[in-house]
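I have placed the structure first, in the form of structure tokens, so that the comments after it can refer back to it.
The values are calculated or read from the model by the stated rules, or taken from the named source; none is laboratory data. Computed from a predicted structure; not experimentally measured. When we count neighbours, we look across all protein chains shown, and the Cβ atoms used for this are built from the backbone with ideal geometry, even at glycine.
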Amino acid sequence: MTPPVLYALVALWTPAIAALLLAILYPLRKKGQPAAVVAILGSLVSLGAAITLFTDRLHDDATHRLVVPWIGSGASTIAEVGVHVDGVSASMLVVVTLVATCVQVFSIGYMHDEPPEAYGRYFTYHALFLFSMNLLVVAPNILQLFAGWELVGVTSYLLIGFYFKKPSAARAAVKAFWVTKFADMGLLFGLLVLFAASGTFGWEPTLSPPVATAVTLLFFLAVVGKSAQFPLHVWLPDAMEGPTPVSALLHAATMVAAGVFLVVRANPLFEQAPITRSIMLGLGAATALFAALLALVQTDIKKTLAYSTCSQLGYMVAALGAGSMLGGFFHLTTHAFFKALLFLAAGSAIHAVHSNEITDMGGLAKRMPLTATAFSVGALALAGVPGLSGFFSKDLVLESVEGKLGNVPYAVLMLTAFLTAFYMGKVVFVAFFGKPSGEKAAHAHESGPSMSGPLVVLMVPTVVAGYFGATFAKVQGEPYHFAFGAGPATASALGLAGIGLAYAVYGRGPRAAVPAPIAMIDRVAKTRAVNRVYEWGFRNVTLVLADGLAFIDRYVVDGLINLLGWGAIEGGRKLRPIQTGLAPDYVLAVVLGVVGLAVWAVFGSWR
Amino acid sequence: MTLSHVLMLASALFCVGVYGLLTRRQAIAILLSVELMANAANLVFIAMSRFRGGVTGQVFALFSLAITVAEVAVGLALVILLYRSHADTRVDLASELKQ
């Protein structure tokens, strides 16, 4: 066992041990606080192992594997489980464990008012999530990734529905589960097709072009669901019903990025399918713009961030579609940091104001300076302001899509960069500047150390991660160059323009009169067109189909059984008269039977 | 007297028994018919023993007689019960299970 493998195993198993302890030891879970200690200790050890592993990658670019046979067929092994250590998994492990640790520490304060039992349950789910995510990240083949993929789906369901007594949260959990599960069919069928075609679940088999296209398209369906791309993005805004730290960890930084991670991981497969890549590029860019437009009209701070997440995931998918694995993966990394920061800062504000509406906040900067700083830094990074991490990764994305598909995605993503800056500016100006809009906002005060600590920690990578692009690229074994040319200049100019416009519009607090274009988008958004298509489809396709199947079940399957029963009853009724109850008749029957047997015995050989 | 003569006699006895079984309605007469049939079978056993040698047939005939005695005892008991409940011994009276 080489040291890198050992680090990966430690990173994988400590959260699992924490989750198991919390799941089995009910007294521990019931107490609340000790459960948090166990979960966070597990995450800290995992984080330490991940960082050690990552630094180890700086002077070691060999791939390390430790696998044990899992599914056998005769003497050969079909699939293995274990850990696969290379630049991709090491980088992703650091991102996941760092954000998870920050979020869990933040949760100590954020979930403080929960009853101890719910508190313990919350941290149990968190530990389980971290294990599932790490299982997915270190997967040596697609089958193990699929297992992790489904496990994070389950923990996502559990955490969205954490406040399960609230009907909207329960519905949101079920909706997220349905939508992603529908998409996960793509991954399942994709890996079956892959196995049928290549006999392996590995990452890099060479396939014939049609098979490669089919497999990658099926995988991409799963990516669309998990990473909330149009048209399967509908679950992500609803998932904001979960506690805010959960939104930060699962629905912004890590779990939704699993789709992007899958494409990064299966890059050798996607390289063989140019058609899939073009579709990804188009759909990613479309999602980026579409979600940014919807983010413009949200007044719920978490929903704004949720649509923003969809939009940024669109960037990543577009970059991967353009063939830039590094662009997509680097943006995933920086996005994980600044979006987690944004969500946690939003959580801190929500905790103080007890409302998600930005119009209920206002003027928080004076009373919550640290939260306001953290949110602003995150927003600036997201807007792509030069010098912050988002700037570098977004430019890498833009650079990769430049000139592809008639330059349309490039233009769309540029426009999206502008819109991103605008809606983030709006949130910052309305929620943190201007005058407090109510009693609660006026008396808000800064959150405690467990909540502000993670904000400070996450601010560091949000600011500096961009400068480590070269290191990041080296670990992935990809070439990296960054030149401040026309593209980055345009993008940052657009970003600054967006912030400026936001200041012009919202600089003096929320407006009574909404600007006309935004009002128009709002009207369109209020129609909930995509959701209504699904609702229509559910009513008119799924339910009709279900009714049809129920009809078949009731009248064909059950009908056959009922027919048999009815036949026996009716047959018996018809045959009953031949039983006279008179002994001589029975005797006659016996005699005739004997005579018949005798005749058969004597003459039967004529047959 | 050959084997076939005896077998013909036995067959005739058996057929008489069957005829009686089918046509009679009195329980006693039916029992008598059954006895005829049983004795036709006994006759075959003994005839086989007589013409083929060996005692197996005779032993079987003895067994058969013993069983027939038991059967008649049970049969007559039934007839008595039938008479007690119906004041008659016609078997077609006993069709209560049908009703």
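Take the conditions part of a helix (DSSP H, G or I), away from chain B (no Cβ under 14 Å) and on the phi < 0 side of the Ramachandran plot and apply them to A:Ala598. Does it pass? Criteria not met by A:Ala598. Per the listing A:Phe146, A:Phe123, A:Phe164, the residue uniquely farther than 30 Å from A:Glu478 by Cα and touching a residue at least 12 places away in the same chain (Cβ under 8 Å) is A:Phe123. Tallying residues that are surrounded by fewer than 20 Cβ atoms within 10 Å (Cβ to Cβ) and touching a helix residue (DSSP H, G or I) at 6+ places or on another chain (Cβ under 8 Å) within the range A:475-499 yields 9. Taking the range A:547-589 as the range and being closer than 30 Å to B:Ala29 by Cβ and either away from chain B (no Cβ under 14 Å) or outside any helix (DSSP H, G or I) (or both) as the test, the residues that pass are A:Gln579, A:Thr580, A:Gly581, A:Leu582. Annotation note: Cβ proximity below 7 Å between a residue of the range A:333-347 that is touching a residue at least 24 places away in the same chain (Cβ under 8 Å) and a residue that is charged (D, E, K, R) and part of a helix (DSSP H, G or I) (sequence gap 6+ or interchain) occurs for A:Ala346/A:Lys302. Of the helices (runs of 4 or more DSSP H) entirely within the range A:443-537, those holding at least 1 residues that are closer than 19 Å to A:Ser389 by Cα occupy A:449-464, A:469-476, A:486-506.
Please tell me if A:Lys526 is within 30 Å of B:Leu22 (Cβ to Cβ), of a type in the set (D, E, K, R), surrounded by fewer than 11 Cβ atoms within 10 Å (Cβ to Cβ) and more than 14 Å from chain B (Cβ to nearest Cβ). Here the answer is no, as A:Lys526 does not meet what is asked. Among all positions in the range B:39-46, there is at least one residue which is of a type outside the set (Ser, Thr, Tyr) and within 14 Å of chain A (Cβ to nearest Cβ). I'm checking my understanding of the structure. Among residues of the range B:51-79 that are free of Cβ contacts under 8 Å to residues at least 40 places away in the same chain, surrounded by 12 or more Cβ atoms within 10 Å (Cβ to Cβ) and within 20 Å of B:Leu21 (Cα to Cα), which one is nearest to the chain's Cα centre (by Cα)? Ranking the candidates gives B:Thr68 first. The set of residues in the range B:85-99 being more than 9 Å from chain A (Cβ to nearest Cβ) and loosely packed, with under 10 Cβ neighbours inside 10 Å consists of B:Ala87 alone. Regarding A:Ala39, is this residue farther than 29 Å from A:Leu342 by Cα, at pLDDT 90 or above and assigned to a helix (DSSP H, G or I)? For A:Ala39, the condition - farther than 29 Å from A:Leu342 by Cα, at pLDDT 90 or above and assigned to a helix (DSSP H, G or I) - is not met.
The single condition from (1) surrounded by 16 or more Cβ atoms within 10 Å (Cβ to Cβ); (2) modelled with pLDDT under 90; (3) closer than 30 Å to A:Thr471 by Cβ that A:Ala100 fails is (2).
For A:Val105, state whether it is part of a helix (DSSP H, G or I), out of contact with any strand residue (DSSP E or B) (no Cβ under 6 Å at 6 or more places or on another chain) and crowded, with 24+ Cβ neighbours inside 10 Å. No; evaluated as a whole, the condition is false for this residue.
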